[in-house]
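Written out below as structure tokens is the structure these notes cover.
The values are calculated or read from the model by the stated rules, or taken from the named source; none is laboratory data. All values reported here derive from a predicted model rather than from experimental measurement. We place every Cβ from the backbone using ideal geometry, glycine too, and count neighbours over all the protein chains shown.
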Amino acid sequence: MKIGILIHSFLPLEYGGVEIGTYQLAEELAKNHQIIILTRHKAPLALNERISNFFIIRIKVIDLPILRFFTFIISLLIQIRQLKNIDVVQSQMIEYSSLSAILSKILFGIPCIVWGKGSDVYQAERKNVFSRIIFKFIVSHANFVLALDENMKKEIIRLSKREDVYIVPEGINLKKFHRKKTYNDEKINLMFIGRLHKIKGVRYLLQAIPMIKERIKNIKLTIVGEGEEEKRLKNFSQMLINSNKINHSEIEFVGSVPHEKIPEYLQMADILILPSLSEGLPVVILEAMAMGVPVVATNVGGVPLIVKNGENGIIVAPKNSRELALAVIDILTVHNITRMRAMAIEHAKKYDLRVIAQQIEKIYELSKT
């Protein structure tokens with residue numbers, strides 16, 4: 001089948017969970033289908049490119065308020081029409097670019113799938129009236145609506161009143177994410193991997209480090225990622241250093257890292273910490289578990305469905321540095337961390353990318369009927 005996948009931003013423009021998950025899914029699907037990624041263009045990236053075993057078409061937009069919105073949707077629609085013989089259009093996230101998928105169905109009769117990914121669903125009610133109307137219009141007109149987990153499914157149903165929502169989680173490549181060597185217990189390596197945006201709650205993690213140090217002396221926090229909060233977070237960590245609450249060697253900002261390098265960082269991690277204020281079903285948690293890394297994460301979105309207290313990690317309340325600190329201390333001093341590592345690996349097997357791709361392919365087949 002010939003599949004067009006719409007995503008507002010894509011690698012290497014953005015390195016978030018949705019973008020990485022889309023890349024990996026495209027690679028897997030392209031083994032049996034012709035996959036074309038349709039995304040936003042930004043110089044100096046090529047307009048048309050083949051990466052791995054799939055194609056990318058980048059759409060030029062007029063980068064001005066309002067015009068940015070309309071030119072992207074119209075240009076996407078024109079591109080879909082020009083490609084010809086597309087069997088399915090799939091939108092990664094339920095957002096304004098999904099309108100192109102819906103219009104492709106209405107105007108050209110191409111079946112369309114929209115897939116909720118996180119903030120597009122959980123933050124939908126907080127947006128303006130126009131955005132909420134668009135959300136309901138997209139969900140009500142799509143051939144198939146997908147959610148990452150049961151919580152997201154319930155939220156989509158609540159917001160749209162549409163009952164037939166399918167659950168398809170993110171998948172991970174278990175060939176790339178697996179433990180290769182024994183653990184090094186000489187130093188406790190805490191790790192955050194993600195975009196440095198306010199919604200990721202990294203400031204609360206930094207506040208937790210001095211509290212962890214009171215009980216666990218030999219620790220280091222590695223922060224992998226970049227974003228709009230990077231400067232503020234670095235300034236805050238320097239303030240902690242200046243006040244002698246932590247020392248310079250106990251925190252490192254490594255910046256953005258290509259996704260293929262993430263297994264190398266997880267290989268060094270003892271605990272992954274994700275202090276987010278909002279999430280979907282974070283791929284990085286599944287990747288960490290696949291490599292036997294227990295997780296401390298906040299009780300938001302689909303996180304509680306994959307992080308099980310005392311089994312493969314610990315769930316804490318968002319915006320609570322003290323709970324983050326206590327959870328890390330508990331994993332290292334109370335729980336059997338060897339058992340947690342083993343259970344994390346076992347749980348991650350449920351999200352094998354090959355199995356997820358098969359679920360998507362079944363929906364493609366249903367869309368033809």
Checklist entry - In region 286-321, how many residues are small (Gly, Ala, Ser), over 15 Å from the mean Cα position of the chain (by Cα), under 13 Å from residue 341 (Cα atoms) and surrounded by 18 or more Cβ atoms within 10 Å (Cβ to Cβ)? => result 3
Checklist entry - Only one of (1) free of Cβ contacts under 8 Å to residues at least 60 places away in the same chain; (2) within 30 Å of residue 173 (Cα to Cα) is not met by residue 260, so which one is it? => result (1)
Checklist entry - So which of 143, 151 ends up being touching a residue at least 60 places away in the same chain (Cβ under 8 Å) and touching a strand residue (DSSP E or B) at 6+ places or on another chain (Cβ under 6 Å)? => result 143
Checklist entry - Just for region 57-89: of the residues that are part of a strand (DSSP E or B) and touching a helix residue (DSSP H, G or I) at 6+ places or on another chain (Cβ under 9 Å), which one is modelled with the lowest pLDDT? => result 59
Next on the checklist: Anything in region 331-345 that is surrounded by 14 or more Cβ atoms within 10 Å (Cβ to Cβ) and either in the same structural domain as residue 28 (by TED's automatic domain parsing) or among the charged types (D, E, K, R) (or both)? List them, or say none.
Outcome noted: 341
Checklist outcome for this item: When every residue in region 77-88 that is within 29 Å of the chain's Cα centre (by Cα) and more than 16 Å from residue 35 (Cβ to Cβ) is compared, the one surrounded by the most Cβ atoms within 10 Å (Cβ to Cβ) is 77
Next on the checklist: All but one of (1) loosely packed, with under 14 Cβ neighbours inside 10 Å; (2) in contact (Cβ under 8 Å) with a residue 40 or more places away in the chain hold for residue 107; state the number of the condition that does not hold.
Outcome noted: (2)
Checklist entry - Considering region 225-256 alone, what residues qualify as being among the hydrophobic types (A, V, I, L, M, F, W, C) and touching a residue at least 40 places away in the same chain (Cβ under 8 Å)? => result 251
Next on the checklist: Can you tell me which residue is surrounded by the most Cβ atoms within 10 Å (Cβ to Cβ) among those in region 58-76 that are within 21 Å of residue 11 (Cα to Cα) and among the aromatic types (Phe, Trp, Tyr)?
Outcome noted: 72
Checklist outcome for this item: Scanning region 321-337 for residues that are touching a helix residue (DSSP H, G or I) at 6+ places or on another chain (Cβ under 7 Å) and within 20 Å of residue 210 (Cβ to Cβ) gives 321, 322, 324, 325, 328, 329, 331
Checklist entry - Across region 196-214, what is the total count of residues that are in contact with a Ser or Thr (Cβ under 9 Å, 6 or more places away or on another chain) and at pLDDT below 95? => result 1
